[in-house]
Number of protein chains: 4
Amino acid sequence: MKYKRTFWVLGGDMRQAHLAQLLAADGHRVFTYALEHGAHAAPDTMAARSLHALPEACCVILPLPVCGEGGALSAPLSDEAHPLCDILVHLSPEQVICGGRLDAGTQDLFARRRLTVHDYFAREELVVANAIPTAEGAVQIAMEELPVTIHGLQVLVIGCGRVGKLTAHRFSALGAHVSVAARRYEQLAWASALGFSTLLTQQLKDDSGRYGLIVNTVPATILDRDALAGIREDSLIIDLASKPGGVDMDAAAQLGRRVIWALSLPGKVAPVTAGSYIRDTVYNILRESGK
Amino acid sequence: MKYKRTFWVLGGDMRQAHLAQLLAADGHRVFTYALEHGAHAAPDTMAARSLHALPEACCVILPLPVCGEGGALSAPLSDEAHPLCDILVHLSPEQVICGGRLDAGTQDLFARRRLTVHDYFAREELVVANAIPTAEGAVQIAMEELPVTIHGLQVLVIGCGRVGKLTAHRFSALGAHVSVAARRYEQLAWASALGFSTLLTQQLKDDSGRYGLIVNTVPATILDRDALAGIREDSLIIDLASKPGGVDMDAAAQLGRRVIWALSLPGKVAPVTAGSYIRDTVYNILRESGK
Amino acid sequence: MKYKRTFWVLGGDMRQAHLAQLLAADGHRVFTYALEHGAHAAPDTMAARSLHALPEACCVILPLPVCGEGGALSAPLSDEAHPLCDILVHLSPEQVICGGRLDAGTQDLFARRRLTVHDYFAREELVVANAIPTAEGAVQIAMEELPVTIHGLQVLVIGCGRVGKLTAHRFSALGAHVSVAARRYEQLAWASALGFSTLLTQQLKDDSGRYGLIVNTVPATILDRDALAGIREDSLIIDLASKPGGVDMDAAAQLGRRVIWALSLPGKVAPVTAGSYIRDTVYNILRESGK
Amino acid sequence: MKYKRTFWVLGGDMRQAHLAQLLAADGHRVFTYALEHGAHAAPDTMAARSLHALPEACCVILPLPVCGEGGALSAPLSDEAHPLCDILVHLSPEQVICGGRLDAGTQDLFARRRLTVHDYFAREELVVANAIPTAEGAVQIAMEELPVTIHGLQVLVIGCGRVGKLTAHRFSALGAHVSVAARRYEQLAWASALGFSTLLTQQLKDDSGRYGLIVNTVPATILDRDALAGIREDSLIIDLASKPGGVDMDAAAQLGRRVIWALSLPGKVAPVTAGSYIRDTVYNILRESGK
């Protein structure tokens, strides 16, 4: 068999292991490194013991996030520490280097060696795709936590961005009565066009008492003490917003409201699919790089 | 407050406790009996210590199934044994008596005292309604067990009856590619009209290799050794069929196929909703009885 | 090219012409007869001038209905009269003979010659399939007649059989708020499970004032004078029920209610698709006949 | 009855007449002007004969577009000419003045008198809302023109903006197999998340042969001679793109491809709904203006 390209997949969690396997399944030659405990999920790849063959890689895929503690590669499935600078010395500008969620320091490190790192996590197509497992994860949590069916449930989704739109869509598709709260008329027009009831976030307090499930997608404290006080006691709140989240957690605890703050769902509920999204995005980066 | 009617709810599991509470929430006077450990879920009902006021009930609701071991009332949430005959002596033909899944012996017991028991579980509207939490339960299991999203998944649903139709609908609504296998052309026409791909169950063996999830709803061994051999190793099989089920479990074990036999999902995944379906059906029975 | 089978397609309207062409496109040798003015739609078939080669047909497809005026073949696209008995003499029991909607007299005529005619129109898979273009036809009429969008429209569908279920589904899919009225609790359970609001047909009068569109599918006078009086003046009523229909037309005219009685939609709105359903059904009949 | 506010609705087509009636139905005092032949659709409004009471209006709604031929108000339903400057002299900065699609000249005219005109047609919530009747209009045209059902149809939607997304959604909801072509990976990710197949517009030529219906939403000549040559002869092309449209019409005519260029669908297929969108947008403008 002739391999199409040579990929190196370094560090990261199970998503990275699945990504390596998916690349191999597409006919590529794939080396993994600093991924020892994920090896069982990537049977068609080769585990590299050293970095000396890394320069032969056409494309190098660093994890999400790239940098862990102390300037080392983020590598939770490896027993050893892997300083980023040890890896950098084997890379060259001819290679397509990809990584997820690069902080300024890391970007600087690469720039000083005239290396460009493509941040796949900053690409809109990945962010949109990740909204799919996020929405499904919200459905799964609701199914597990609530003693009622999604069918017939009164659901409020706060926010009408990517995650908000898809979350509303999934619950509605299962037969829930879905309302979407948003700040801008334009977003409400979208929510209405897609078949949901709508309300202005500003009017949330007057309306929050009738929902059995509230899913927040906005990273701002929408569900403050006042709003929480108006919510039914048997309601479930799922907060999908990244830090600082959208719920006043202290107030929720005092009022006895049930809140589940669910972060990073794609890697948790569907690691293989999440890996495939990174693969697709890397392919797009390669195509745009002319490789 | 004036109560509308007096109900007695006897024995059963959490569904029965939720049912009692739902009746109370509708404004009825509700007594529970032999349901001690479910009392927390029915705060607006009265726990009866004896049966002497049972004759005052307008409607008596026995559990699903009515009869447990040794001729006693099925009462898993009670510490004591409650022989059915002790209950029977307090009932009269003027009362509307309901129970779920009556065996011939139990029916005979009631008939000898000239009592009619309405079997709510034999009524089509309850069977159809129960298909909703059953389908949702299948979705929940698939989400929990598979490392991929439902979106984009190749799903095969075997059977196009109540559970088959709704299961196919729910997976499709979440973005899966759903095929339905059925024996009769008429069922395939239904599956097609609802938007699913179709195949004759007879041709299943030639086609089974491409599904990531197979949900069986037919209580006959469709997935025998031959069919199982053709299924992908990483496929998940969810069997929703009542006994004897639809999978040759020995063959599946030998071939290393992953099978989850999921029975009685409504009471497990959505006990409150399942209780509300029984309530609705009891209301229908009362209306038909002219009460 | 080698033909698979020889079909003769006799009489009928454009559906029959499209059917002939679809059979030819599947690789069969197809003769048409008494279909002259539909020939342009069946360019890959041969127009027979006489019946002398009819005995060579493996399968003979008579139109829907088979019998027109005066014991002749129903042949609106032919200039001549074709007495059925002239055709019968060329048929033999070895051939698979299909026809649509056979009356008792016609059936008797064939039986006397020991010929079995398979009535494709009596087969459930065709009836279910025909509900698809019927439902689409109702959507098309509503779009053409109403000055508002289907999205957001309050729609009432009366009846929850094949046509009722699919009609409700299509309008709901386009964003309408759909209620289904049915007589039996079981049908209401189905309607609810599929995501529609429900009401008992018996309670229709109290509720009929809020709908912008009412689609009837039940062949019994549900919309009598009383019910019509309660309907909004700007409502549109589409009656899909076969004779006698579901609307008191005199009362509707007097009350100024707008009613469109839409019969035989499949052949009108989607003749090619309607022809393909007959083809599929004929294939099923052939398979069951062991041919 | 006490009126809430006083509106003047000037000029325009039937949408404007419906808008006037909808405002009146909401409890406002509404005058129409230069709308004589639309008066029957606005029975609860008052037709003003002169402009002398116009200064009493709280809100003045000019048509879409505001300006017709020769600097006059666009007023196709009036027999007379109404120079814009005659109207302007009666307006003051205290009034909320709304109009649709203002050209630079008109805007300048108002600015010189220190009048601000809010262009409702430039507001995103109206543009999104109008995508609903546009998508429905495309469905209606397809149903009217094609001899097959939408169910089962292979549909290609070009573009994944507002109209593209909703058009794909509606056809898919009716059972069509929908592919979406877009230029950017991000848009393809959206199309995929919403359940459609996807292809890059750049690859359209290789794929265009399998569609029975192609709906273009992109105002650039995507369907040039080459692309058109690859399309099936019996395909229907609906072009929803504003000028210059997306189809090489000369090439289409020469190749015998069937193209329908459908512009301004909202006002044509659902004038009442289109009027209600303008009403909602005007309400939003009033709210933002603190009135």
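Checking the conditions here, which among B:ALA111, B:ALA173 is aliphatic (A, V, I, L, M), free of Cβ contacts under 8 Å to residues at least 12 places away in the same chain, farther than 22 Å from B:PRO219 by Cβ and within 14 Å of chain A (Cβ to nearest Cβ)?
Step by step, each of B:ALA111, B:ALA173 is checked, and only B:ALA173 is aliphatic (A, V, I, L, M), free of Cβ contacts under 8 Å to residues at least 12 places away in the same chain, farther than 22 Å from B:PRO219 by Cβ and within 14 Å of chain A (Cβ to nearest Cβ).
It is to be established whether one or more residues within the range B:136-148 are at the interface with another protein chain (Cβ under 8 Å from one of its Cβ atoms), touching a strand residue (DSSP E or B) at 6+ places or on another chain (Cβ under 8 Å) and not aromatic (Phe, Trp, Tyr).
yes
Any residue at all in the range A:124-135 that is more than 14 Å from chain D (Cβ to nearest Cβ) and touching a helix residue (DSSP H, G or I) at 6+ places or on another chain (Cβ under 6 Å)?
Within the range A:124-135 (the criterion being more than 14 Å from chain D (Cβ to nearest Cβ) and touching a helix residue (DSSP H, G or I) at 6+ places or on another chain (Cβ under 6 Å)), the answer is no, since none of the residues qualifies.
Inside the range A:29-54, can you point out the residues that are over 27 Å from the mean Cα position of the chain (by Cα) and touching a residue at least 40 places away in the same chain (Cβ under 8 Å)?
Those that are over 27 Å from the mean Cα position of the chain (by Cα) and touching a residue at least 40 places away in the same chain (Cβ under 8 Å): A:ALA48, A:LEU54.
Take B:GLY164 and tell me if it is surrounded by 21 or more Cβ atoms within 10 Å (Cβ to Cβ), within 14 Å of chain A (Cβ to nearest Cβ) and not in a strand (DSSP E or B).
Here the answer is no, as B:GLY164 does not meet what is asked.
Within the range C:192-201, can you find the residues that are under 21 Å from C:HIS151 (Cβ atoms) and part of a strand (DSSP E or B)?
C:SER197
When you check B:LEU213 against the structure, is it of a type outside the set (Asp, Glu) and at pLDDT 95 or above, yes or no?
Criteria met by B:LEU213.
Select, from B:LEU200, B:LEU263, the only residue that is within 30 Å of C:ALA135 (Cα to Cα) and either surrounded by fewer than 21 Cβ atoms within 10 Å (Cβ to Cβ) or away from chain C (no Cβ under 14 Å) (or both).
Result of the check over B:LEU200, B:LEU263: B:LEU200.
Select from the range A:1-41 the residues that are polar (S, T, N, Q) and closer than 23 Å to A:LEU84 by Cα and write down the one among them that is surrounded by the fewest Cβ atoms within 10 Å (Cβ to Cβ).
This residue is A:THR6.
On the basis of being crowded, with 22+ Cβ neighbours inside 10 Å and of a type in the set (D, E, K, R), does A:GLU124 make the cut?
So A:GLU124 fails the test.
Can D:GLU94 be described as within 12 Å of chain C (Cβ to nearest Cβ), surrounded by fewer than 18 Cβ atoms within 10 Å (Cβ to Cβ) and either in a loop (DSSP other than H, G, I, E, B) or without any contact (Cβ under 8 Å) to a residue 60 or more places away in the chain (or both)?
In short, no.
Which of the residues that make up the range B:49-63 are within 17 Å of B:GLU36 (Cα to Cα) and assigned to a loop (DSSP other than H, G, I, E, B)?
Result: B:ARG49, B:SER50, B:LEU51, B:LEU62, B:PRO63.
Being within 24 Å of A:ALA173 (Cβ to Cβ) and more than 14 Å from chain A (Cβ to nearest Cβ) is the filter here; which residues of the range D:179-197 pass it?
Passing the criteria: D:SER179, D:SER197.
Listed here are the residues, each with its yes/no results for (1) at pLDDT 95 or above; (2) part of a helix (DSSP H, G or I).
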{"site": "A:CYS98", "(1), (2)": "yes, no"}
{"site": "A:GLY105", "(1), (2)": "no, yes"}
{"site": "A:HIS118", "(1), (2)": "yes, no"}
{"site": "A:VAL127", "(1), (2)": "yes, yes"}
{"site": "A:ALA131", "(1), (2)": "yes, yes"}
{"site": "A:CYS160", "(1), (2)": "yes, no"}
{"site": "A:ALA168", "(1), (2)": "yes, yes"}
{"site": "A:GLU186", "(1), (2)": "yes, yes"}
{"site": "A:TRP190", "(1), (2)": "yes, yes"}
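In the range C:231-240, is there at least one residue being in the same structural domain as C:CYS160 (by TED's automatic domain parsing), at pLDDT below 95 and touching an Asp or Glu at 6+ places or on another chain (Cβ under 9 Å)?
Within the range C:231-240, not a single residue is in the same structural domain as C:CYS160 (by TED's automatic domain parsing), at pLDDT below 95 and touching an Asp or Glu at 6+ places or on another chain (Cβ under 9 Å).
Return the pair list, or none, for Cβ contacts closer than 7 Å from residues in the range D:269-291 that are away from chain C (no Cβ under 13 Å) to residues that are among the aromatic types (Phe, Trp, Tyr), at least 6 apart or on different chains.
From the range D:269-291, the pairs are D:ILE278/D:TYR120; D:THR281/D:TYR120; D:VAL282/D:TYR120; D:ASN284/A:TYR185; D:ILE285/D:TYR120.
From the list A:ALA135, A:ALA176, which residue is under 29 Å from A:VAL282 (Cα atoms) and in the same structural domain as A:ASN216 (by TED's automatic domain parsing)?
Being under 29 Å from A:VAL282 (Cα atoms) and in the same structural domain as A:ASN216 (by TED's automatic domain parsing) holds for just one of A:ALA135, A:ALA176, which is A:ALA135.
Collect the residues in the range B:140-152 that are buried (at least 21 other Cβ atoms within 10 Å of the Cβ), among the hydrophobic types (A, V, I, L, M, F, W, C) and not in a helix (DSSP H, G or I), keeping them in residue-number order.
Those that are buried (at least 21 other Cβ atoms within 10 Å of the Cβ), among the hydrophobic types (A, V, I, L, M, F, W, C) and not in a helix (DSSP H, G or I): B:VAL148, B:ILE150.
Determine if the range B:222-240 includes at least one residue that is under 20 Å from D:ALA176 (Cα atoms), part of a strand (DSSP E or B) and away from chain A (no Cβ under 14 Å).
No, that holds for no residue.
Just need a number here: residues in the range D:69-91 that are part of a loop (DSSP other than H, G, I, E, B) and more than 20 Å from D:ARG15 (Cα to Cα).
3
Residues in the range A:150-158: is at least one of a type in the set (A, V, I, L, M, F, W, C), within 26 Å of the chain's Cα centre (by Cα) and at the interface with another protein chain (Cβ under 10 Å from one of its Cβ atoms)?
Yes, the conditions are met somewhere in the range A:150-158.
Quick one: which of D:GLY70, D:GLY137, D:GLY99 is touching a Pro at 6+ places or on another chain (Cβ under 9 Å), farther than 30 Å from D:ALA173 by Cβ and buried (at least 18 other Cβ atoms within 10 Å of the Cβ)?
D:GLY99
The values are calculated or read from the model by the stated rules, or taken from the named source; none is laboratory data. Note that the structure is a prediction, hence the values are computed from the model and not measured. As a convention, Cβ positions derive from the backbone with ideal geometry for all residues, glycine included, and neighbour counts pool all protein chains shown.
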